[in-house]
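**Student:** My structure is below; once you've seen it, I'll send some questions.
The values are calculated or read from the model by the stated rules, or taken from the named source; none is laboratory data. Just so it is clear, the structure is predicted and the values come from calculations on it, not from any experiment. For neighbour counting, all protein chains shown are included, and Cβ atoms are generated from backbone atoms with ideal geometry for every residue, glycine included. Each accessible area value is taken on the protein alone, full model and side chains, heavy atoms only, with ligands, DNA and RNA left out. Shrake-Rupley method; radii C 1.70, N 1.55, O 1.52, S 1.80 Å.
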Amino acid sequence: MEKSLVKDFSKYVSLNILGMIGVSFYILADTYYIAKALGATGIAALNFAIPVFSIILGIGLMIGIGGAARFGILKSRNKHKEAEAVFAGALKLGTQAGLLFAVLGLFGSKALSSILGADAVTLPLTHAYMATIMVFAPFFILNNTVLAFVRNDNNPRLAMLAMIGGSVSNVILDYIFLFPLKMGMFGAAFATSLAPIISLGILSIHFAKKKSRPAILKHKLTRPAIKDILNLGSSTFIMEVSSAVVLTTFNLLILGLEGNKGVAAYGIVANIAFVAVAIFTGLGQGVQPLISKYYGLKDRKTVRRVNRYALLTAGFIAALIYLGTFFNSAALIGLFNNENDPVILKLADSGMKIYFLGFFFVGINIVTAMILSATEKGRAAFVLSVLRGLAVIVPMAILLSSHWGMTGIWSSFVLSELIVAGFALYLTTATEKGSIAYGNPD
């Protein structure tokens, strides 16, 4: 049993971490090529647009992880028709949410770009990127939704291949659109927007092979189903949206302290950090199917064992990430500092060495929230995610930046994640003892 569990844990976690690293290149490839083609102004403009992209991805993850958690629990109890209905409901919900974003992108993206901090210099570029991403929102949301269900339907390998396939296509198309075709910021956004369509094409293999395919149209999208999906997936959404909130808050604070060069420096740090967060998200998504399966079987002992494996893995990954960025910060920054601007280099270098200390706690927080969601403790997971994304870091950034400038901004991330890790420990202990009865084991 122990060897089998370790094997399953290693398979699901490694495949999902690899896949999420691939997904993170959606933004990293854009940052690299935009830096080469459009310089610091392009990076700053991209940084103003990313919050909306994070919200779109977050909605896809919320629907996908929330629905897939219920799907996994029902499957483990041999309730296959109910599981099929959850999948159908998630697809319908994701389609509707994506269409709303597409409409908003067509008519409101320019005003939204200004609200998020873009000025006269960066507004045209920010608007071009944001409008394109929002129009293709249905594909981003459906891709994240289908990925989660395929993963929970015993096919983590195909999910990984789809994520990496989309990412590789993004890197290739980014180069083609930005350089030979000279399509500018629209080209970068268009390349990123085609990636989930390619990923969905790969994922379709999973359903083509199934003898009984889900009859999507025969299942109605009911209010209780929507509530259940959103409840179990809300913490994932808050985790993703927290990136948008933090990014916007930091952008506006840094804009006042260091101007567009400061925003560009933060953009470099934030985009490298995006890969680190993706790794921990992959870890959390990798353990979710196992947690949901053994929770559905009421095997609490194995659930706790998977939890322990996940937290130990998170600590090991955090150490590797910090050492790698600490000793290679100048080289990493150089990939995106195309103009070799000494101000950007200095700001980003000092920032990275402080900021990345926070990842010793990020892994604990992401994994704990995912595990709470997978065991039907949606409210506890939601509380943890709100603390991490909104309630702690925003006031912390405002307070510390007013006293210590940029150092305060970088440090606010570290201190916030540390504080939230304390709450994660409390919520985990309290729910295990039953003092917070958010789950329904039956």
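**Student:** Provide a single number: the residues in the stretch 330-359 that are open to solvent by 20 Å² or more (accessible area, probe 1.4 Å), more than 17 Å from residue 43 (Cβ to Cβ) and in contact (Cβ under 8 Å) with a residue 40 or more places away in the chain.
**Tutor:** Result for the stretch 330-359: 3.
**Student:** Which residue, of 34, 73, is under 23 Å from residue 157 (Cα atoms) and touching a residue at least 40 places away in the same chain (Cβ under 8 Å)? Please lay out each step first, then the result.
**Tutor:** On the way: 34 fails: under 23 Å from residue 157 (Cα atoms).
It is 73.
**Student:** Sort through 162, 189 and tell me the only one that's over 25 Å from residue 284 (Cα atoms) and either small (Gly, Ala, Ser) or open to solvent by less than 30 Å² (accessible area, probe 1.4 Å) (or both).
**Tutor:** Numbers: 162 fails: over 25 Å from residue 284 (Cα atoms).
Of the residues listed, the single one that is over 25 Å from residue 284 (Cα atoms) and either small (Gly, Ala, Ser) or open to solvent by less than 30 Å² (accessible area, probe 1.4 Å) (or both) is 189.
**Student:** Next up: Restricting attention to the stretch 297-328, report how many residues are among the polar types (S, T, N, Q) and over 23 Å from the mean Cα position of the chain (by Cα). Spell out how you get there, then give the answer.
**Tutor:** Pass one, the stretch 297-328, residues among the polar types (S, T, N, Q): 302, 307, 313, 325, 328.
Now restrict to residues that are over 23 Å from the mean Cα position of the chain (by Cα): 302, 328.
So the answer is 2.
**Student:** Another one. Scan the stretch 295-310 residue by residue and report those that are out of contact with any Leu (no Cβ under 9 Å at 6 or more places or on another chain) and crowded, with 18+ Cβ neighbours inside 10 Å.
**Tutor:** At the first step, the residues of the stretch 295-310 found to be out of contact with any Leu (no Cβ under 9 Å at 6 or more places or on another chain) are 295, 297-301, 304, 307-308.
295, 307 - these are the residues of the stretch 295-310 that are out of contact with any Leu (no Cβ under 9 Å at 6 or more places or on another chain) and crowded, with 18+ Cβ neighbours inside 10 Å.
**Student:** Cβ-Cβ distance below 8 Å, separation of 6 or more or different chains: which pairs start in the stretch 144-160 with a residue that is aromatic (Phe, Trp, Tyr) and end on one that is open to solvent by 10 Å² or more (accessible area, probe 1.4 Å)?
**Tutor:** 149/71; 149/87
**Student:** Could you identify the single residue in 275, 269, 246, 263 that is of a type outside the set (D, E, K, R) and surrounded by fewer than 21 Cβ atoms within 10 Å (Cβ to Cβ)? So that I can check it myself, show each step before the final result.
**Tutor:** On the way: 269 fails: surrounded by fewer than 21 Cβ atoms within 10 Å (Cβ to Cβ); 246 fails: surrounded by fewer than 21 Cβ atoms within 10 Å (Cβ to Cβ); 263 fails: surrounded by fewer than 21 Cβ atoms within 10 Å (Cβ to Cβ).
Answer to the selection: 275.
**Student:** Counting only residues that are out of contact with any Pro (no Cβ under 9 Å at 6 or more places or on another chain) and open to solvent by 10 Å² or more (accessible area, probe 1.4 Å), how many does the stretch 98-137 have?
**Tutor:** 23
**Student:** Could you please find all residues in the stretch 390-428 being of a type in the set (A, V, I, L, M, F, W, C) and touching an Asp or Glu at 6+ places or on another chain (Cβ under 9 Å)? Quick ask: steps written out before the conclusion?
**Tutor:** As a first pass, look at the stretch 390-428 and keep what is of a type in the set (A, V, I, L, M, F, W, C): 390-394, 396-400, 404, 406, 409-410, 413-415, 418-421, 423-425, 427.
Selection gives 392, 393, 406.
**Student:** Any residue in the stretch 212-231 that is open to solvent by less than 10 Å² (accessible area, probe 1.4 Å), closer than 28 Å to residue 384 by Cβ and at pLDDT below 90?
**Tutor:** Kept after step one, since they are open to solvent by less than 10 Å² (accessible area, probe 1.4 Å), are these residues of the stretch 212-231: 229.
Filter again for closer than 28 Å to residue 384 by Cβ, leaving 229.
Then drop every residue that is not at pLDDT below 90, which leaves none.
No, the conditions are met nowhere in the stretch 212-231.
**Student:** Another one. Run down 436, 371, 409, 393 and say which single residue is open to solvent by less than 20 Å² (accessible area, probe 1.4 Å), of a type outside the set (Asp, Glu) and at pLDDT below 90. Full working, then the answer.
**Tutor:** Numbers: 436 fails: open to solvent by less than 20 Å² (accessible area, probe 1.4 Å); 409 fails: at pLDDT below 90; 393 fails: at pLDDT below 90.
Checking each option against the conditions leaves just 371.
**Student:** A further question follows. Considering only the stretch 138-154, state which residues are open to solvent by 40 Å² or more (accessible area, probe 1.4 Å) and of a type outside the set (A, V, I, L, M, F, W, C).
**Tutor:** If we filter the stretch 138-154 for residues that are open to solvent by 40 Å² or more (accessible area, probe 1.4 Å), which is where we start, we get 139, 154.
Matches in the stretch 138-154: 154 only.
**Student:** Now for a separate question. Of all the residues that make up the stretch 396-405, how many are farther than 12 Å from residue 246 by Cβ and either buried (at least 20 other Cβ atoms within 10 Å of the Cβ) or free of Cβ contacts under 8 Å to residues at least 60 places away in the same chain (or both)?
**Tutor:** Summing the residues that are farther than 12 Å from residue 246 by Cβ and either buried (at least 20 other Cβ atoms within 10 Å of the Cβ) or free of Cβ contacts under 8 Å to residues at least 60 places away in the same chain (or both) in the stretch 396-405 gives 6.
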